[in-house]
1. Within the range 114-155, work out how many residues are part of a strand (DSSP E or B), open to solvent by 80 Å² or more (accessible area, probe 1.4 Å) and either over 16 Å from Tyr169 (Cα atoms) or in contact (Cβ under 8 Å) with a residue 12 or more places away in the chain (or both).
2. Looking at (1) in contact (Cβ under 8 Å) with a residue 60 or more places away in the chain; (2) assigned to a loop (DSSP other than H, G, I, E, B), can you tell me which one Val95 breaks?
3. Pull up the range 156-188, narrow it to residues that are aliphatic (A, V, I, L, M) and part of a strand (DSSP E or B), then point me to the one that is surrounded by the most Cβ atoms within 10 Å (Cβ to Cβ).
4. Restricting to strands (runs of 3 or more DSSP E) lying wholly in the range 1-91: which have 1 or more residues that are open to solvent by 60 Å² or more (accessible area, probe 1.4 Å) and over 30 Å from Phe138 (Cα atoms)?
Amino acid sequence: VTCISRTVHVVDRIAPVISLLGDDPFVLTRYQKYEDPGQTISDNYWTETVLNTSTFFSRDESKIINDRPGIYYVRYNVTDPSGNVASEVIRTVRVVDRFSGISSLNANEKIKIYPNPNNGKFTIDIENSSAIQTIKVFSIIGSLVQEISVNKNSKTVNIDMTGEVEGIYIVKLESTDGNFTQKINIAK
């Protein structure tokens, strides 16, 4: 009697699948720390607990710049212990400015910025200047371009930005009662 044996190798050839939790695109307020909403990983053989370890799973959020408005990406990758590589999943992260906007500070049109658009010279009329402490002008990418301390008795502040390039700028008035922001356009 001849004995024949057969060896059977059970092979896992199915890649895991990554599914994002939370919003995509994810909106991140400028200067806030990015906290990833997470993901789930499913596989035909391996458990999510095994696959979620740093040995098999990676999440790269290193490209997010939280102090610069723009579009960024978080990349998720996993390779199961059998060597199957999941399709990379990418979450879009939008870093946005959320200025406090028109607050009670400008409830009755107490602040006027004109002309807009302008050639780099513009005027800010302030009805109640005692509340305004500082005027800051930012470039559209968030760099501080000019900062002016306001005299408590000033009703009008003239700004000269003729040395700056054309484009959109954000004027921010800071006061004890809140902030007021407005976009201006310098067109020469």
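The values are calculated or read from the model by the stated rules, or taken from the named source; none is laboratory data. Everything numeric here is computed off the predicted structure, so don't read it as measured data. Please note: Cβ atoms are built from the backbone with ideal geometry, for glycine as well, and neighbour counts cover all protein chains shown. Remember, those area values only see protein heavy atoms, side chains included, never the ligands or the DNA or RNA. Shrake-Rupley method; radii C 1.70, N 1.55, O 1.52, S 1.80 Å.
1. Total satisfying the criteria: 4.
2. The failed condition is (2).
3. Leu173
4. Output list reads 17-20, 39-42, 57-60, 70-78.
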